[in-house]
Amino acid sequence: MIAETVCSAAAVAGLGIAVVTAYRKRFLAAARIAAYALVPLGLVMTGVVEWAADTAFSPTAWAGFAVLGGAWALFATTRTVERRRGGSRKERRAAARSAQAEAVAPAASAPTLGQASRPASRPTAAPRATGGADDFSDIEAILKKHGI
């Protein structure tokens, strides 16, 4: 009974504010305020407020909300664990089989340039007098390996 009275009073107060706002020639804002003010009155008239009050003070309803929360927590936990593991057991086995079958991509080590595009001879670099040639020997070996 008190909830219905409070909602009705809030609706009347909101409509009063809407009238004052319309008097100030802010009609769009006044219409919006009136719409918000009529919501509590509509909820009282449809019985939602009474249902909510009955639910709020019912231990059975709160126990039901607790069960729903527990179910949601279990669902979220299992989804998180499933994502971390990478899916179901069948999906993991299938992924392991495909990973073993395609461990190395075919022709992955083939050079991208053909033999005809390589120059016939390359000038050799003279070793430096400072002894820095040893530092670049590894790099030269890698470049030669890749045909650069």
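For the stretch 62-78, backbone phi angles converted through the Karplus equation (6.51, -1.76, 1.60; θ = phi - 60°) give residue-by-residue couplings of 5, 5, x, 5, 5, 5, 4, x, x, 5, 5, 5, 4, 4, 5, 5, 5 Hz, Gly and Pro being listed as x. Would you work out what percent of the accessible area of the stretch 1-84, with all protein chains in place, is carbon or sulfur (probe 1.4 Å)? Carbon and sulfur together cover 74 percent of it.
The values are calculated or read from the model by the stated rules, or taken from the named source; none is laboratory data. These numbers come from a predicted model, not from an experiment. Accessible surface is based on the protein model in full, side chains and every heavy atom, while ligands, DNA and RNA are left aside. Shrake-Rupley method; radii C 1.70, N 1.55, O 1.52, S 1.80 Å.
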